[in-house]
Amino acid sequence: MKGKIIKSTGSWYQVLELETNKIFEARIRGKFKLIKTRLTNPLAVGDFVEFQLEQDDIAWITKIESRRNYLIRKSVNLSKEAHIIASNIDLACFIFTLKHPETSLGFLDRFLACCEAYNITPLILFNKIDVLHEEEIEIVKDVEFIYQEIGYDTLEISSYSKLNLDQLQEMLKDKTSVFFGHSGCGKSTLVNALQPGLNLKTSEISDTHLKGKHTTTFAQMHFWHFGGNVIDTPGVREFAMIDIEKEEVQHYFPEIFKKREECKFHNCLHINEPKCAVIDALETEEIQHSRYATYIKLMDEAEEAAQK
């Protein structure tokens, strides 16, 4: 039987049988757990699988199909490197909030680099626009312009005033999407606004640290009434890239990759090489310093991983 993983708690899964749309509780055969991997989880929500039914209608997953793409986060398990957040994604939505909580550009840039690396279409959602003052809205528009110039799609939204939610529904229709952002950025509130009745658990922002509390503790797929589905995930603190060579990192920053053609040396890494077009573009702010800082950090991480 063939199905799709729609919920993962770490030890149990829910699998949707593709022909009948019946949902089964599922486990993994022990052999999957023995596979040597740098990932903490062998299965993720969005995976297509084959399974067998045994007594009490328990499904035993016997095969995992090849993934079209996936996104991963850094693992809290020191013996492993990363944890798959979701797989087979059509649209990855990053929820950016200027405050309550404040989203760092480095976090956004790392997310975008991961989307580039794993061939996922990103969409940047500027959320909670309704709580911003005029000066703050101008800051958001400046940030939005930076990423539009690079080539990324953006949309200003509000779950409470319903700003542009109709447009967002059209963008999500008939796709497998996933929402990312800091805890408290409004992921679950947005899902509830797009489809009243799901009643996903939400949480207030902590007054002490102006950060959200983790309200989603496991990944789960929810189906839109307008077509398609969304994978609700726990808050992600840092995205990860594995098996990436240092020299490859520039491929995942479109404006840097485009500029490399103007560098004197074809193998320029844009660090301290002479006549580097990327360094020149930094001085004229054609390339943003925040983006370049993330680029250097990812290069350092790739070099460290290669030495392990």
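Observations, loosely collected:
- Test: residue in the stretch 71-78 that is among the β-branched types (Val, Ile, Thr) and either closer than 28 Å to Glu138 by Cβ or free of Cβ contacts under 8 Å to residues at least 60 places away in the same chain (or both): yes
- Annotation: of all residues in the stretch 1-40 being part of a strand (DSSP E or B) and at pLDDT below 90, the one that is nearest to Ala240 (Cα to Cα) is Leu39.
- Taking the stretch 214-308 as the region of interest, the helices (runs of 4 or more DSSP H) fully inside it that hold 3 or more residues being among the charged types (D, E, K, R), open to solvent by 70 Å² or more (accessible area, probe 1.4 Å) and over 30 Å from Gln167 (Cβ atoms) are 289-307.
- When we screen Gly106, Gly151 for residues that are in contact (Cβ under 8 Å) with a residue 60 or more places away in the chain, surrounded by fewer than 17 Cβ atoms within 10 Å (Cβ to Cβ) and more than 19 Å from Val236 (Cβ to Cβ), the only hit is Gly151.
- For Phe48, the conditions (1) touching a residue at least 60 places away in the same chain (Cβ under 8 Å); (2) touching a Lys or Arg at 6+ places or on another chain (Cβ under 6 Å) all hold with the exception of (1).
- Count of the stretch 153-167 residues which are in contact with a strand residue (DSSP E or B) (Cβ under 7 Å, 6 or more places away or on another chain), under 22 Å from Lys99 (Cα atoms) and outside any strand (DSSP E or B): 3
- Residues that are part of a helix (DSSP H, G or I) and either free of Cβ contacts under 8 Å to residues at least 24 places away in the same chain or more than 20 Å from the chain's Cα centre (by Cα) (or both) do occur in the stretch 168-187, at least one of them.
The values are calculated or read from the model by the stated rules, or taken from the named source; none is laboratory data. None of these values were measured; they are calculated from a predicted model. Note that we place each Cβ from the backbone using ideal geometry, even for glycine, and neighbour counts take in every protein chain shown. The accessibility values were calculated without ligands, DNA or RNA, using every heavy atom of the protein model including side chains. Shrake-Rupley method; radii C 1.70, N 1.55, O 1.52, S 1.80 Å.
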